[in-house]
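J.: First the structure, then my questions, so here it is.
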Amino acid sequence: MKRDNKKFEDNDSAGSKPFFRRKKTCPFSGPEGIPIDFRDTRTLSKFVSERGKIIPARISAVSAPKQRKLAQAIKRARVLALIPYLER
């Protein structure tokens with residue numbers, strides 16, 4: 001008895017193009033990087049979700065040292081009531 005298992009032979013029917021993932025770069029690093037400042041609420045609000053949570057570095061592509069500074073700046077802006085703790 002012969003079996004026809006085509007799914008193990010060739011993957012042409014599923015698409016032979018490899019998955020393309022763009023290289024993420026930190027927006028705060030480099031010569032044209034944005035400075036992290038707790039008074040710059042427009043920049044900080046880009047890294048806070050609509051629920052009020054700080055967006056993780058794996059999604060926002062911020063490097064680890066800059067993510068720590070960004071989180072500290074967001075928390076300072078919240079304490080000073082420059083940005084809200086949560087959106088309703």
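The numbers here are math on the coordinates, done by the rules we state, and not lab data. Bear in mind the structure is a predicted one, so any value in this text is a computation, not a measurement.
J.: Given the pairs 24/75; 23/75; 17/66; 24/69, which are separated by over 23 angstrom at their Cα positions? Can you show the working numbers first?
T.: Details: 24/75 25 Å; 23/75 29 Å; 17/66 35 Å; 24/69 19 Å.
The pairs that break the limit, which is 23 Å between Cα atoms, are 24/75; 23/75; 17/66.
J.: Another question, then. If you take the alpha carbon radius of gyration of region 24-88 and divide it by 2.2 N^0.38 Å, what ratio comes out, to two decimals?
T.: Details: Rg = 11.3 Å, N = 65, 2.2 N^0.38 = 10.7 Å.
The value comes to 1.05.
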